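Here's the structure we're looking at; comments come further down.
Laboratory data are not the source of any read-out in this text; all were calculated from the coordinates shown. The model shown is predicted, which means the values in this text are computed figures rather than measured ones. All Cβ positions, even for glycine, are placed from backbone atoms using ideal geometry, and neighbour counts span all protein chains on display.
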Amino acid sequence: MKVCTYCMKVDRGLAPNPFFGVCSLALCTPNHMRAKLYAGDYLIGLSSKGLMKRHRLTNPVIIYAMEIDQVLDLDDYYKQYPEKRGNSAGTNEQQVGDALYRKDHRGIIEHIPESKEHISSEAQVKDVRGNRVFIGEKFWYFGKESKALPDEQWGRGLSKLFGKSFRGIRYIYDTDEPAQWKWTKDDLENFKKWLCNFRPGRIGMPFDIKGARSTCGQISATGSCTISAEEILPPRGESGDCAHRALGQREPF
């Protein structure tokens, strides 16, 4: 069992994509570095120093955490999650859709023409080389409602790691290599308990959405809200486990 963390430079709903009741990560550093993560492992996205400066945050925050349910390749993800397909001329959700790749008639992975995301050859090479999508139906996406790291041992450990301005990914807990642990087993359990203070799902809107607002002035209990297209900036039970939304329940913006 592993816990993997990394720093997010940008948070606008593309990577990760927390919409439709499923958190997906298809186009970011853990994908490009082919993180060795499987069902039951955790991914944690922290604020980078650049994001903190841009949004005037004084302390690092957890932008999201998810327990991975499955890992798919890009083509299978495109087939199995049609609502996540990117379309720059589509709905608000589709504009930040992260299902951007499918196989052509020759079996070669291609970028879909409907989306203008990741259209550079450099970005596409990284995405296709990674060719893995992490999916979690049990997740906590805080976005603009992100929480500062608590003054607990596990939180101080993450904060210390952040202070090193690391790039790439870090496995802070790995049962296969206990000598490399940054967290103890107690740290992991306390982290899970901390997550249980919040309802699973999308709690806030992405940081890098300008003037994001909901129709009722706040994020509803279902995580539903409405934003205008121009507001998107361009390029289970025990042991700390929590109840979460029914599988397959996918909400709109």
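Rounded to the nearest 20 Debye, what is the dipole magnitude of the range 2-231 about its Cα centre when Lys and Arg each give +1 and Asp and Glu each give -1 at the C-beta?
Once rounded to the nearest 20, the dipole reads 720 debye.
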Study note, to complete from the structure: Summed over the other residues with a beta carbon less than 12 angstrom from that of residue 6, with K and R at +1 and D and E at -1, the charge totals +3
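What ranking do 156, 56, 167 get, fewest neighbouring Cβ atoms within 10 angstrom at the top? Each step should come with its number before you reach the end.
On the way: 156 13, 56 6, 167 10.
Least crowded to most crowded, the residues run 56, 167, 156.
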Point to revise | Centre separation in Å (Cα based) which lies between the range 88-134 and the range 36-59 | key: 23 Å
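Go through 79/160; 79/126; 79/192; 84/182; 49/103 and tell me which ones have a Cα-Cα distance over 30 Å in this structure.
Working: 79/160 40 Å; 79/126 21 Å; 79/192 32 Å; 84/182 34 Å; 49/103 37 Å.
Flagged as over cut-off: 79/160; 79/192; 84/182; 49/103.
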Point to revise | Residue order, fewest to most beta carbons within 10 Å, for 3, 61 | key: 61, 3
**Study point:** Hydrodynamic radius of the range 102-204 per Kirkwood, over alpha carbon pairs, in Å
**Key:** 17.3 Å
Check your understanding: Can you sort 184, 58 by how many other beta carbons sit within 10 Å, fewest first?
Key -> 58, 184
Check your understanding: Between residue 88 and residue 33, 0.36 nm times their residue separation minus their Cα-Cα distance comes to what?
Key -> 17.1 nm
Review point. How high is the FRET efficiency between residue 114 and residue 57 when r is their beta carbon distance and R₀ equals 51 Å, given to the nearest 0.05?
Key: 0.90
Point to revise | Net lengthening on full extension, residue 49/residue 104 (0.36 nm per residue, minus Cα-Cα) | key: 15.9 nm
Check your understanding: What area, in nm² and to one decimal, does the C-alpha convex hull of the range 2-231 cast on average over all directions?
Key -> 12.7 nm²
Study note, to complete from the structure: Between residue 196 and residue 129, the two model label points (7 Å from Cα along the beta-carbon direction) sit apart by a distance in nm of 4.2 nm
